[in-house]
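Below: one structure, written as C-alpha cells.
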Amino acid sequence: MKFRNFKTVPKMIFGRGSFDQLDDVLSTERQKVGDFVVFLVDAIHQNKPLAERIPASTRDMVIWLDVTDEPKTTYVDALTVQVQAYCAEHNNGRNPVSVVGLGGGSSLDLAKAVALMLTNPGGSASYQGWDLIKHPAVHHVGIPTISGTGAEASRTTVLTGPDKKLGMNSDHTVFDQIIMDPDLLQGVPTDQWFYTGMDCYIHNIEALNGTYINEFARAFGEKSLDLCNQVFLEDHPDSDEKLMMASYMGGQSIAYSQVGACHALSYGLSYVMGYHHGIGNCIAFDVLDDFYPEGVKVFRQMMNKHNIVLPKGITKDLSEADMQKMIRTASGLAPLWENVYGANWQEKVTPELLRSLYEKM
C-alpha cells in the first residue's frame with residue numbers, strides 16, 4: 001500500500017498587518033536587473049486603499065482581474081498571453097520572478113494557473129485533471145482578501161473549460177508563499193462573506209463524513225469546523241482571524257482526504273448555470289439532508305442567524321439538454337463520489353439520483 005506524498009505551502013506569514021511584508025518577500029526573488037513581478041488583483045480593489053499598498057515597482061505588471069464569472073481556461077490563456085507579450089517586450093522573453101494573486105478564491109486560482117501556464121506549453125484546458133502538469137510553476141504568492149475557499153492552501157486551481165469544470169490538480173500548483181492578513185477581510189459584503197465561508201464549512205462536513213477520512217485530515221477538519229462554528233454561530237470578536245485559519249486548515253484537511261456530494265453537484269451548477277462556487281455549494285448543500293443530516297441542520301441555523309435567503313426553484317425551467325449536462329458533470333467526479341459511497345459508488349450515483357437532487361433546488 002502506498003500513501004499519498006503531497007506538498008504543502010512551504011512558507012507562510014500570518015497576522016494583522018502582515019501584508020506590509022510582501023515587499024520583503026518579493027525582494028528575495030528580485031535578484032537580477034530587469035527582474036519583475038506580476039500582480040493579479042481582484043478589480044474590486046482598484047481605486048481602493050489596498051491598491052495604494054501594493055509594492056509594485058515601475059517594471060512590475062499589475063493586472064486587475066475580472067472575476068464576475070468563475071475562472072475559465074480561456075481567461076487563463078488570455079492572461080498568460082498578456083504576460084508573455086510583456087516578457088517579450090520588456091525582459092527578453094524571460095518570465096517574471098513571481099506571480100502574486102490578491103483577492104478571493106477566483107483570483108488565487110487565476111494566479112496559480114497563470115504561474116503554471118508560463119512554464120508549461122499549450123492551453124490550460126489540456127491540464128484539467130490530476131498530475132498532468134510537467135514543469136514547476138513560476139514562483140507564486142497567494143494573499144486572500146476573503147476567506148473560506150482554502151485556495152491559499154490547496155494543490156488545485158479550479159477552472160471551467162470547454163468540456164468540464166475541473167481543477168489543475170498538481171503539487172506544482174501549490175503556492176510557494178502565502179500571506180494571511182486578517183485586516184484584509186474587512187468590508188466584505190455579508191452575503192459574499194457567508195457564501196465563501198460556507199465553502200470551508202462544507203469542506204469539513206464532507207471530509208469528516210467521507211470514506212477517505214484519516215487522522216491527519218480529521219485533525220485539521222475538526223479544528224476548522226470548530227472555528228467555523230465560532231464564526232457563524234457566535235459573535236466572536238476574533239472572527240476574522242478564526243475564519244482565515246479555518247479556511248487554511250480546511251484546505252489542509254481535504255489535501256489528505258476529499259470533498260463529496262455537495263461539491264460534485266455544485267460543479268454542475270457552476271458549469272451549466274454559472275453559479276459562483278460559494279453560493280452554488282450552499283444551494284446544493286441545502287438539499288443534502290439524507291447525506292449530511294447534522295451538517296445541514298447546523299448550516300440552516302447559520303443561515304437564519306445571518307439572514308441568508310437562498311434562491312429557490314432555480315432548475316425548474318432548465319432544458320433537458322442542460323439537465324443532462326449537469327448530471328454528466330456531477331457524475332464525472334469519481335473521487336468525490338468514492339469519498340461518499342466507497343469503491344462501488346457507481347452503483348449508487350445514478351442519473352435518477354442526480355436528477356432528483358437537482359430538481360429539489
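The values are calculated or read from the model by the stated rules, or taken from the named source; none is laboratory data. Since this is a predicted model, take the numbers as computed values, not measurements. As a convention, Cβ positions derive from the backbone with ideal geometry for all residues, glycine included, and neighbour counts pool all protein chains shown. The protein model used for the area step is the full one, side chains on, heavy atoms only, and it has no ligands, DNA or RNA in it. Shrake-Rupley method; radii C 1.70, N 1.55, O 1.52, S 1.80 Å.
Against the condition in a strand (DSSP E or B) and within 24 Å of residue 25 (Cα to Cα), how does residue 179 come out, does it pass?
yes
Applying the selection to the stretch 88-130, what residues are part of a loop (DSSP other than H, G, I, E, B), in contact (Cβ under 8 Å) with a residue 40 or more places away in the chain and not aliphatic (A, V, I, L, M)? Don't jump to the end; show me each part of the working.
First, pick out the residues of the stretch 88-130 that are part of a loop (DSSP other than H, G, I, E, B): 91-97, 104, 118-123, 128.
In the following step, the residues that additionally are in contact (Cβ under 8 Å) with a residue 40 or more places away in the chain were identified as 91-92, 94-97, 104, 123, 128.
Listed by number, the residues that qualify are 91, 92, 94, 95, 96, 104, 123, 128.
Residues are listed down the side, and each one gets a yes or a no for (1) open to solvent by less than 20 Å² (accessible area, probe 1.4 Å); (2) at pLDDT below 95; (3) out of contact with any strand residue (DSSP E or B) (no Cβ under 6 Å at 6 or more places or on another chain):
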residue	(1), (2), (3)
66	no, no, yes
73	yes, no, no
76	yes, no, yes
102	yes, no, no
105	yes, no, yes
108	yes, no, no
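Looking only at the stretch 235-278, how many residues end up being closer than 15 Å to residue 225 by Cβ and outside any helix (DSSP H, G or I)?
4
Any residue at all in the stretch 151-160 that's of a type outside the set (A, V, I, L, M, F, W, C), out of contact with any Lys or Arg (no Cβ under 8 Å at 6 or more places or on another chain) and more than 25 Å from residue 43 (Cα to Cα)?
No - not one qualifying residue is present in the stretch 151-160.
Quickly run through the stretch 9-26 and pick out the residues that are under 17 Å from residue 137 (Cβ atoms) and open to solvent by less than 50 Å² (accessible area, probe 1.4 Å).
Passing the criteria: 9, 25, 26.
Only one of these is closer than 19 Å to residue 360 by Cβ and either surrounded by 24 or more Cβ atoms within 10 Å (Cβ to Cβ) or in contact (Cβ under 8 Å) with a residue 12 or more places away in the chain (or both): 225, 208, 310. Name it. It would help to see each step written out before you state the result.
On the way: 225 fails: closer than 19 Å to residue 360 by Cβ; 208 fails: closer than 19 Å to residue 360 by Cβ.
None of the others qualify; the one that does is 310.
From 253, 319, grab the single residue that is closer than 30 Å to residue 2 by Cα and of a type in the set (Gly, Ala, Ser).
On the way: 319 fails: closer than 30 Å to residue 2 by Cα.
Selected residue: 253, the only one of 253, 319 that is closer than 30 Å to residue 2 by Cα and of a type in the set (Gly, Ala, Ser).
Which pairs do you get when a residue that is touching a residue at least 40 places away in the same chain (Cβ under 8 Å) and open to solvent by 10 Å² or more (accessible area, probe 1.4 Å), found in the stretch 162-184, comes within reach of a residue that is of a type in the set (Gly, Ala, Ser) and outside any helix (DSSP H, G or I), reach meaning Cβ atoms under 6 angstrom, with the pair 6+ apart or on two chains?
As it stands, the answer is 172/137, since those pairs meet every condition given.
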